[in-house]
Amino acid sequence: MGSGRRGDLATLEPFRGRELFSFFADLFTRAAGEAASRDTRAACAPQKKTAFKMNRVTKKRRRLSYEGKITWLTFVAVAPAVVVALALLWFGDHPPKVQWTLTILIVGCLTAFIWSTREHAVRPLQTLSNLLAALREGDYSIRARGAREGTALGEVLLEVNSLGETLRQQRLGAFEATALLRTIMSEIDVAIFTFDPERRLRLINRAGETLLGRPMDKLLGKTAQELGLHACFDADDAEPLTLSFPGGSGRWGIGRSTFREQGLPHELLVLTDLSRTLREEERRAWQRLVRVLGHEMNNSLAPIKSLAASLESLLRRESLPTDWKEDAKSGLNSIASRADSLSRFLQAYTRLTKLPPPQKQDIDLAPLIQRVVDLEPRLEVQVRPGSKVTIRVDAAQIEQALINLVHNAVDAALETHGTVTLGWREKGNCVEILVEDEGPGIMNPANLFVPFFTTKPDGSGIGLPLSRQIAEAHDGTLVLMNRDDRQGVQALLRLPK
């Protein structure tokens, strides 16, 4: 019976071994397939709304997720060893108790190691995902543990932590810069507004709130038309604009620029109250004008008054001297001379205040320079030729300005027996005309362009102010300075082409 039993066992054990192996193989296959199906269904669940999306979900179910691939690769890596171990166990001469015990141990270890491998591969990625999600949401305080050099995962976590610290520093700097900008905007007395492409108000500072007479929450979102600022967008930036607002009225300087936010163009509007500045400048101008007028009027009226009093005293005498007619004639001639001087002064003032707007034409500069030089007979003016240049100016006004500059330069050069040089050069989009003399230089630069101020006995004091007024009417500039290379003055007239 013993031999018969052993024969039966020998006959049955191979069958049981193959059946058991097939059973566990099917079990692992179904378990892995169900896990992969769950992962796929979880990933594709939000997309099951339309028939088209259902087709996409069906296609995605056929793919394994990252976790499923890790599970399958691990299983495939250890499957040969497990198959060999189970085959040797079940096809060998081992008691059933040992076979079942070792089988359960092998299957348990296989399941545990596969699960552990899956967790070691997935958990760091989940940690990285959480860290990146926190960075995307703006939370830069979270740090990953295990960040260290020497391991691949540790170096990745170290770089992510460094990225979080860098972003934290940048956000802190941006917050500080924004806070500083808001503080500056709230403290300056210039009204600042920003508008979106539909010209709806998006930002305003404290000065703007005061100007419009309403708090920020009641102003944001309103259009420029509703706020009474639509005229500012069509006004000339170079000219002050007279406007009236609930918080103030007067003359305003307009500043406009554009910037982009989220790819859309926005407009920046700046309003500067020029009323006080203009009033102060007007007051100073009146003071200078009254001072000059008073000086000139006193210079003319004082001798007239003195001569008139002398003539009156002469005519009151009972016995007139024999030469009284000559005295009276001399006094009347002096009175007429001073009155004529006062009349010329008033004509010069009228000429300065009634400069017509320039009638611009394209003018060749070289012939114009030569005409100016030919009009100065007292001294030979040296011309330093430049390139051939055509400028768009009022030839009569520019010629008059250059005549004044050359006349002053010759006056200065005659005092020191020096020379006068006239030349021009191109610089960018401008032409610079230089009048240089070898005179004594500028002694009092503060009064150079003060109307009617002159140090010459027969000067009118309007040559330089008139020349600068002509230059500014042509969008140019006029500057006088002492020369660096030698004694004398350099007059620089800059005009656009």
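The values are calculated or read from the model by the stated rules, or taken from the named source; none is laboratory data. Just so you know, these numbers come straight off a predicted model, no measurement behind them. Neighbour counts are summed over all protein chains in view; Cβ atoms, including those assigned to glycine, are modelled from backbone coordinates with ideal geometry. Heavy atoms of the whole protein, side chains included, go into the accessibility calculation; ligands, DNA and RNA do not. Shrake-Rupley method; radii C 1.70, N 1.55, O 1.52, S 1.80 Å.
For the reader, a short list of remarks on this structure follows.
- What the range 72-133 shows is 64 Å² of accessible area per residue, with the surface traced by a 1.4 Å probe over protein heavy atoms.
- FRET efficiency estimate (nearest 0.05) - Cβ-Cβ, Glu149 to Met443, R0 56 angstrom: 0.15
- Here's the picture: charge each Lys and Arg Cβ at +1 and each Asp and Glu Cβ at -1 in the range 227-293, and of Val290, Pro246, Val270 the one pushed furthest to the positive end of that dipole is Val290.
- Protein-only accessible surface order, largest first, of Trp424, Trp72 at 1.4 Å: Trp72, Trp424
- Peptides ranked, highest mean first, by Cβ atoms within 10 Å: ranges 195-205, 131-141, 467-477: 467-477, 195-205, 131-141
- Net charge in the neighbourhood of Leu320 (other residues with Cβ under 15 Å of its Cβ; Lys, Arg +1, Asp, Glu -1) is -1.
- Summing Lys and Arg as +1 and Asp and Glu as -1 over all other residues whose Cβ lies under 9 Å from the Cβ of Ala412 gives a net charge of -4.
- Across the range 184-194, computed HN-Hα scalar couplings (Karplus, 6.51 cos²θ - 1.76 cosθ + 1.60, θ = phi - 60°) run 5, 4, 6, 8, 6, 9, 9, 6, 10, 9, 10 Hz from first to last residue, x flagging Gly and Pro.
- Ser249 exposes around 80 Å² of accessible area when a 1.4 Å probe is run over every protein chain in place.
- Close amide H pairs (under 5 Å, H built 1.01 Å from N) link His266 with Phe259, Arg260, Glu261, residues at least 5 positions away or on another chain.
- Taking amide hydrogens as placed 1.01 Å from N in the peptide plane, the amide H of Ile363 sits under 5 Å from those of Ile391, Arg392, Val393, each at least 5 positions away in sequence or on another chain.
- Pairwise inverse Cα distances across the range 357-434, averaged and inverted, put the Kirkwood hydrodynamic radius at 13.2 Å.
- Solvent-accessible area, 1.4 Å probe, carbon plus sulfur percent, for the range 348-434: 51 percent
- Only Cα pairs under 8 Å and 6+ residues apart enter the sum, and on that basis the relative contact order of the range 131-288 stands at 15 percent.
- For the range 199-344, a Kirkwood radius taken over Cα pairs fed into Stokes-Einstein (25 °C, viscosity 0.890 mPa s) yields D = 117 µm²/s.
- To the nearest 10, the accessible area of Glu239 is 110 Å² with a 1.4 Å probe.
- Total formal charge among the other residues, if their Cβ is under 13 angstrom from that of Ser249, Lys/Arg +1 and Asp/Glu -1: +1
- Amide hydrogen neighbours beyond the local backbone of Arg483, cut-off 5 Å, H modeled: Gly488, Val489, Gln490
- Taking θ as phi - 60° and the Karplus parameters 6.51, -1.76 and 1.60, the scalar couplings of the range 471-482 work out to 4, 5, 5, 9, 6, x, 9, 9, 10, 10, 8, 6 Hz in sequence order, x denoting glycine and proline.
- Gained length - Arg276 relative to Leu180, 0.36 nm times residue gap less alpha-carbon distance: 31.8 nm
- Compactness of the range 389-435, expressed as Rg and Dmax over alpha-carbon positions, Å: 12.7, 37
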